[in-house]
């Protein structure tokens, strides 16, 4: 059923997945605001990500959901849904396939609720269902499927708009502070971590790239999130820098400040991770290491400045996200990507 002629005043967009998933939603947010310029758009994200999007100009509010904390479980979803029902949302959109998200959407009770047609319980929660076409589309176009009933489309012939990430002033100020003290030279950012261990390129390879970049006169900024500080320290120590051009920022940045620092790089080296999405979404020259995951899953970095390092193996992909350990015990999908391959991509980006 088309909603082309329907007007909406208060829209809820529920995207409480990982950092990268939230960043991938930006083109859809931009298109949604263009379609309903006078509507309020309220973006619901996983707790901890709200400050990254708080300055996004299309959004009226960004609200955290502590899905792994105080709001875990169906009872918490019902409680929040009942609270939101009092706010008068007239359109609710969710790309989530979890029972909790479906239950919350039903409790919100917006007269129009759009979700994917599977799993089966979505039929009980949403007024309009769309085919995600997982095996045919990349993730951004899958999200645009949710806009189909609203007259919002994106496909190969009508591509989605490029993302724009508006960062808060305090994040920009933190990046100003860091970059003001950097030595001269092209700037390479390295983020060696990931939520999924099998998505991580060997730390020895990251250290190798850091040494090559330093030897070529580049400045290396090493990034690492909470729990990844020891990894960053190991790489920094292994790089054996005595020039003062390796800056270990592990554990020292908020997510918005990380995004602001990444935006100013000449090149960035990551795994398939949230920081990878922060790089390509800001058009930063990027080399990303892909092992357990593949392009067909739909989460590859986009744009002319993005490059992917991978090796062809019959066991790829081994899952949508990866695993804590290689199911076959060898992890060759990452080990077989050599530092020479990465440096061949990064060197022209750095102009060294």
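Surrounded by 21 or more Cβ atoms within 10 Å (Cβ to Cβ) and either farther than 28 Å from residue 30 by Cβ or in the same structural domain as residue 267 (by TED's automatic domain parsing) (or both): which single residue out of 196, 123, 201 fits that description? Result of the check over 196, 123, 201: 201.
Out of 233, 293, one residue alone is crowded, with 22+ Cβ neighbours inside 10 Å and either closer than 26 Å to residue 215 by Cα or in contact with a helix residue (DSSP H, G or I) (Cβ under 8 Å, 6 or more places away or on another chain) (or both). It is 293. Here residue 30 meets the list (1) part of a helix (DSSP H, G or I); (2) touching a helix residue (DSSP H, G or I) at 6+ places or on another chain (Cβ under 7 Å) almost entirely, failing just condition (2). With respect to the conditions (1) closer than 29 Å to residue 151 by Cβ; (2) in contact with a helix residue (DSSP H, G or I) (Cβ under 9 Å, 6 or more places away or on another chain); (3) surrounded by 15 or more Cβ atoms within 10 Å (Cβ to Cβ), residue 87 falls short on a single one, namely (3). Tell me yes or no: at least one residue of the range 42-65 is closer than 25 Å to residue 118 by Cα and part of a loop (DSSP other than H, G, I, E, B). No; the residues of the range 42-65 include none that is closer than 25 Å to residue 118 by Cα and part of a loop (DSSP other than H, G, I, E, B). In the range 25-41, the count of residues that are buried (at least 18 other Cβ atoms within 10 Å of the Cβ), under 19 Å from residue 104 (Cα atoms) and at pLDDT 95 or above is one or more. Of the helices (runs of 4 or more DSSP H) lying entirely inside the range 258-352, those containing at least 1 residues that are under 16 Å from residue 23 (Cα atoms) are 274-280.
In this structure, residue 67 does not satisfy being surrounded by fewer than 15 Cβ atoms within 10 Å (Cβ to Cβ) and farther than 25 Å from residue 175 by Cα.
The values are calculated or read from the model by the stated rules, or taken from the named source; none is laboratory data. Remember, it's a predicted structure, so these values are computed and weren't measured experimentally. We place every Cβ from the backbone using ideal geometry, glycine too, and count neighbours over all the protein chains shown.
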